[in-house]
Every structure is written in structure tokens, then in C-alpha cells.
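The structure appears below as C-alpha cells.
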Amino acid sequence: MPRIEGPDVRVRVFTFKEGLLSAVAHDLEIEVTRVSLEWPDDASSVRAEIDARSLRVLHAVVEGRPAPNALSDRDKRKIEQSIVDDVLQASRYPSIRFEAALAWPDPQPSVPTIEGKLDLHGRSRSVAVTVTERGDAFVAMATLHQPDFGIAPYSAMLGTLKIKADVRVEVHVPAAERPPRAR
């Protein structure tokens, strides 16, 4: 069963601020540092597993662009700890898993959608993932509504500063590594 992991798979999570004091907060780009993808030789399915303790804040995002100096290293570590301990409760739910059957249509649509099951925070839900080709990589994108998985979006200062319930997840897989089309 082919498997890719580590630096060959890049997973990013994007969070977005809201609330009365959102001007003092930051949208974030978060990296998942421990992930693996695998599929059978006939490419009939795909499985992904993420270590919920492996999320790292890369940087704040301001006006849609990375702002690498907007957060100190200490702020990043504090945010990471809050995500792992309070939001994801990774000590209780250490793994995030996604499974989907792959049926590559012939001819493929310009933006195929994969329906799969996501296990997150002790709950399983169906998730639609769109797949596009960007240069030398395939990018799978999904929007996750945190409350669907029993996750209360981060909130501070009596709710005047909070993270939106929807987060965007992007998975980048080198085109050379993607599963072959199922027959």
C-alpha cells in the first residue's frame, strides 16, 4: 500500500477572526507537521491521518498575506498550546482521520469533489473535498464547521474576540506522489 508522509505532504489550516475586538486579533496559517496519506495499489480509496498535537502556527495573515513579524515566537507557542489543549483536546483525541473512496471520473471534471468521512474530536462527519491541480501539486480543500465536530471555536474577552466557526484546510500533495487513477 503506497504511503507518503512528512515533508512530501503539506497540510495547512486557516483560521479567521471575528468579533468586536477582531481588529486586535489575527487570522492564522497553521501547519500540520505530522501527517500521512496512504492508498491501495488500485487507488480505490485514500486514508489520511494527522497527529492532533502537531499543529504549529506559521504566521498571522493580514489582508490575505502572510505577516511573519506580526506574532512573537512566544505568542505562536501560546496559541499552539491553546489549540492543542483547549480547542482540539488532543490528549483525549490524538488522531484526526479522513477516509474516502476514490472514483476518478472519465473524463475528470475540472474540479473533482471527493466525499469522505472525517473523524475529528470524537465525532465522524461526511466532508466534501475539492481537488485542483496547482503547478506540480494537487491541492485538496475543505471547509470545516468546528461545532459539527463538537468543537467550540476559540473565544476570549467575553466573546468580543473569537475565531469564526469555519476553518479552511488545504492538503498539498506533489503530483508525482498522487494515487494513480482507479480503473
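So which of Pro153, Pro107 is part of a loop (DSSP other than H, G, I, E, B), within 23 Å of Asp27 (Cβ to Cβ) and at pLDDT below 95?
That would be Pro153, the only listed residue that is part of a loop (DSSP other than H, G, I, E, B), within 23 Å of Asp27 (Cβ to Cβ) and at pLDDT below 95.
With the condition being of a type in the set (A, V, I, L, M, F, W, C) and modelled with pLDDT under 95, I'd like the strands (runs of 3 or more DSSP E) fully within the range 38-90 carrying at least 2 qualifying residues.
On the way: elements: 45-51, 55-62, 65-67.
Qualifying strands (runs of 3 or more DSSP E): 45-51, 55-62.
Kindly indicate whether any position in the range 23-39 is buried (at least 16 other Cβ atoms within 10 Å of the Cβ), free of Cβ contacts under 8 Å to residues at least 24 places away in the same chain and either hydroxyl-bearing (Ser, Thr, Tyr) or in contact with a Phe, Trp or Tyr (Cβ under 6 Å, 6 or more places away or on another chain) (or both).
no
The values are calculated or read from the model by the stated rules, or taken from the named source; none is laboratory data. All of these numbers come straight from a predicted model, not from anything done at the bench. Note that we place each Cβ from the backbone using ideal geometry, even for glycine, and neighbour counts take in every protein chain shown.
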